[in-house]
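Contents: one structure, followed by commentary.
The values are calculated or read from the model by the stated rules, or taken from the named source; none is laboratory data. Predicted, not measured: the structure shown is a model, and the values here were computed from it. Counting neighbours? That spans all protein chains shown, and the Cβs are built from the backbone with ideal geometry, glycine included.
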Amino acid sequence: MHLDEIFFKIMIYLLAAVISVPLAKKIGLGSVLGYLIAGIVIGPFALELVGSDGEGVMHIAEFGVVIMLFIVGLELHPSMLWRMKRLIFGLGGMQIGFTALIFALITAFFWLNTAQAITTGLVLALSSTAIVLQTLSEKGMLQTRGGRHSFSVLLMQDISVVPIFAIIALLASQIVTDTPIGDDEVVNGWQQLLIIVGAVGIIIVGGRYLAHYIFKLIAETGLRELFTATALLLVIGIAVFMDVVGLSPALGTFLAGVVLANSEYRYELEDNLEPFKGLLLGVFFISVGASINFDLLFENWQLIVVVLLIVVGVKLLVLFALGKLFKLEKSHNMLFTFSLAQAGEFGFVLITFASQNDIYDDYTAGILLIVVALSMLITPVLFIINEHIIQPRIHETKYTKVEVWEDNGHPVIIAGFGRFGQVLGRFLVANGIKVTIIDNNPHNVDYLKKFGYKVYYGDITRKDMLESAGAAKAKTLIVAMSERHQVDKLVELAQKHFSHLKLIVRAEDIAHELALQNKGVEAHRQSIFDSAIQLGVNALSSLGYSKYQSFRSALTFKHLDKRFMKNLQQRYSKDDPHFLMETRKFSEHLENILLMQQKHPYQEMDCAWDTDSLIEEARENEEVKPKK
Amino acid sequence: MKKVLIIYAHPTEHKSRVNKHLVGALSDVRNVTVNNLYERYPDFYIDVKYEQGLLLKHDVIIWHHPFYWYSAPSLLKEWFDLVLEHGFAYGREGNALEGKIALNCITTGGSESTYETGGLNRFRVSDFLLPFDQSANLCKMKYLEPFVIHGVHLLSDKEIMEYTTKYRTLIDSLAK
């Protein structure tokens, strides 16, 4: 391919993404569906802007999944992973086992070929880590119970990709006895195990003891791009290394992420890799869309629809039953069930691998590929069904109708009732303030109702929701969600449509606080600020400071910080188009903040309580007196 | 025309009848500044420089507060402790307040007759206000007789109106 051709391809991919994703988000479909549709549009069966190279692109873009798992790993501490072992191995293992078994039986019934049956069962048991994690985190649902269960299962599936490869290879070797891969697998089984254990060991030891020094060395050069390069090198290196020893790259990088979760460079790594992840995943989804073979689809559409329905249907049933078994509340179980009902991106790889090994003929492989792609394509639709049809039904009995809400006419609306909103809500309720609480976590909603709170389930970043919550009559809107982009979305919405509302906003960090101030939000607070200072007060007390002295120091610090924020605000003027970026850059570097802080001397406060000048004057007066 | 600074300290203004009215009536008088301490410093963290600046800009200082335990609400005491610094308000070089007029405006629950020898409160209001008197004196200010409203719990709306007018008249005469 010529250079200009490559650039043209890149341009097409980017253009498709830039046009379709905002559109899809606007309609409320989420970015994943936007990318998929973009892929179909530019694919060989619509505009023909990209051709058969889709698969090659997909292969590169799969690397986005690898980076994603690395970042997911960074956010997981080993201890947390250990705590989730029951979900990962129990729930995840059972999901794979049962789903694979059922699909294998169904396939065996139709195709009557054991190898095909087992392969199909295993392939279809997997779900799409890329789509599901992306969607869940976009919706802020990854931390809910349902989201955590989904995550555990996805993790188990990613881990299982390695043995599934081995199994398929083994099956292939039975069909064609002289397949070298199969022989290798069988003969070298033990060696393989040793290699795997060794590789995992290298990652753990390297991540624990070596990575720190390397990152420090790189960070000391002060070259930002070098750190980015190192971060990429690390992930790609591990992926290649894993590939060589025959392990799943995704699994390897995930493991490396977990090992590095405690590293002080964790955020730096995350920040550097985030854009690559997003971009590559986007390209991956686009190539999935572009790879759908519409000729085959149109010729066999009845068969494909039936297979698709069976696949999604069986997966839904198994997931739902398992959710019940693991005692998920209904609303969480529905999220869990609907999020994982598709086949996954590893399906493409596995199906291709199986057809290379003559397990599938081209026709069967083609049909299966389409089914996998379509099932991924309808995932966003399943999410929408769950959110807009299933969840409201579950809460129907408690779901108060719009008219009743407006009758409430509560002066305060709290958006987001997680840990943060709860403390705030308790405080207001204790003061006899009537509050309308809205949360998108169904579990909270149920639970809090038991304690007599007026809590409603829904996505408050939608205008109609805000309206039904009584925004027109309320005086104050407290934005207490944890997801920054949701906070910003709601602030914008409220300012646009309900300008009379006083906004009280939970900010994520200094940059966010400044950005909010810039938008004209007067009351905002970094959610961690006050609790951090409170612990600081305790620390001072532990050093022997008197209780009041510690308390007073905290007050001084807070007031200085207020001044300091004002100063920052002036420094980055409103008219500066780069305001957001500038403040972000500024606050990312602790050094800047500490320097600014130095300009506001902490020690000059409370002078009147100092007796130095009094003593001095008294001494001088004493000297003036004539000595007897 | 002299400028008047009302340093107003009332921790439960929302429950007040008399003070709210008295101070509220002054809010749009041009030469009067009302400095509501409990509103400005809910966490008792007084901005000393700001308060000193206010003092410098005014000629008549009125400490306006309910009479709590024969003295002022605690934030006003904190104000004295922090704002009247040595070297600013008193001491060899502390002449910033020299020649200014100072007085208290006070509301009490007890009637005037209880603030007498042999009465329930045994002393006159001005006896209890000696610390203010002497503080003003130390700061080289001229301390005037307090403006006192007794028996506020039982005042009628009409009486409150009368006191408001009286207070206003006093302030106008001081500002001349």
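In the set A:126, A:76, A:81, only one residue is within 22 Å of the chain's Cα centre (by Cα) and farther than 26 Å from residue A:260 by Cα; that residue is A:126. Would you mind stating whether residue A:329 is acidic (Asp, Glu), in the same structural domain as residue A:385 (by TED's automatic domain parsing), under 21 Å from residue A:32 (Cβ atoms) and in contact (Cβ under 8 Å) with a residue 12 or more places away in the chain? In short, no. Restrict the check to the range A:536-546 and report whether at least one residue is among the aromatic types (Phe, Trp, Tyr), surrounded by 20 or more Cβ atoms within 10 Å (Cβ to Cβ) and out of contact with any Ser or Thr (no Cβ under 7 Å at 6 or more places or on another chain). No: zero hits. Selection over the range A:244-258 of residues that are within 20 Å of the chain's Cα centre (by Cα) and among the hydrophobic types (A, V, I, L, M, F, W, C) gives a count of 6. Among the criteria (1) away from every other protein chain (no Cβ under 14 Å); (2) more than 13 Å from the chain's Cα centre (by Cα), the one residue B:49 does not fulfil is (1).
What's the number of the only condition in (1) surrounded by 17 or more Cβ atoms within 10 Å (Cβ to Cβ); (2) over 16 Å from the mean Cα position of the chain (by Cα); (3) over 17 Å from residue A:198 (Cα atoms) that residue A:261 fails to meet? The number of the failed condition is (2).
Among the residues of the range B:33-46, which ones are over 13 Å from the mean Cα position of the chain (by Cα), more than 14 Å from chain A (Cβ to nearest Cβ) and not aromatic (Phe, Trp, Tyr)?
As a first pass, look at the range B:33-46 and keep what is over 13 Å from the mean Cα position of the chain (by Cα): B:38-46.
Add one more test, that the residue is more than 14 Å from chain A (Cβ to nearest Cβ), and what stays is B:38-39.
Within the range B:33-46, B:39 is the sole residue that qualifies.
For the range A:221-255, a residue qualifies if it is without any contact (Cβ under 8 Å) to a residue 40 or more places away in the chain and among the hydroxyl-bearing types (Ser, Thr, Tyr), and the qualifying residues are A:221, A:230. Among residues of the range B:71-95 being closer than 18 Å to residue A:616 by Cα and more than 9 Å from chain A (Cβ to nearest Cβ), the one that is surrounded by the fewest Cβ atoms within 10 Å (Cβ to Cβ) is B:95.
When residue B:114 is tested against (1) at pLDDT 95 or above; (2) away from chain A (no Cβ under 14 Å), only condition (1) is not met. When the range B:98-110 is filtered for residues that are part of a loop (DSSP other than H, G, I, E, B) and either modelled with pLDDT of 95 or more or surrounded by fewer than 15 Cβ atoms within 10 Å (Cβ to Cβ) (or both), the ones remaining, listed by number, are B:98, B:99, B:100, B:109.
Scanning the range A:498-548 for residues that are in a helix (DSSP H, G or I) and of a type in the set (A, V, I, L, M, F, W, C) gives A:510, A:511, A:514, A:515, A:516, A:529, A:532, A:533, A:535, A:537, A:539, A:540. With respect to residue A:162, determine if the residue is surrounded by fewer than 21 Cβ atoms within 10 Å (Cβ to Cβ) and either under 30 Å from residue A:484 (Cβ atoms) or modelled with pLDDT under 85 (or both). The answer is yes for residue A:162. Scanning the range A:355-394 for residues that are touching a residue at least 24 places away in the same chain (Cβ under 8 Å) and charged (D, E, K, R) yields a count of 2.
Rundown of residues vs (1) touching a Leu at 6+ places or on another chain (Cβ under 8 Å); (2) under 26 Å from residue A:250 (Cβ atoms); (3) at pLDDT 80 or above, yes/no style:
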| residue | (1), (2), (3) |
| --- | --- |
| A:317 | no, no, yes |
| A:324 | no, no, yes |
| A:327 | no, no, yes |
| A:343 | yes, yes, yes |
| A:360 | yes, yes, yes |
| A:381 | yes, yes, yes |
| A:385 | no, no, yes |
| A:400 | no, no, no |
| A:406 | no, no, no |
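Residues checked against (1) modelled with pLDDT of 85 or more; (2) surrounded by 15 or more Cβ atoms within 10 Å (Cβ to Cβ):
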| position | (1), (2) |
| --- | --- |
| A:417 | yes, yes |
| A:425 | yes, yes |
| A:432 | no, no |
| A:442 | no, yes |
| A:452 | no, no |
| A:466 | no, yes |
| A:470 | no, yes |
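In the condition set (1) free of Cβ contacts under 8 Å to residues at least 12 places away in the same chain; (2) in a helix (DSSP H, G or I), residue A:334 is compliant with all but (1).
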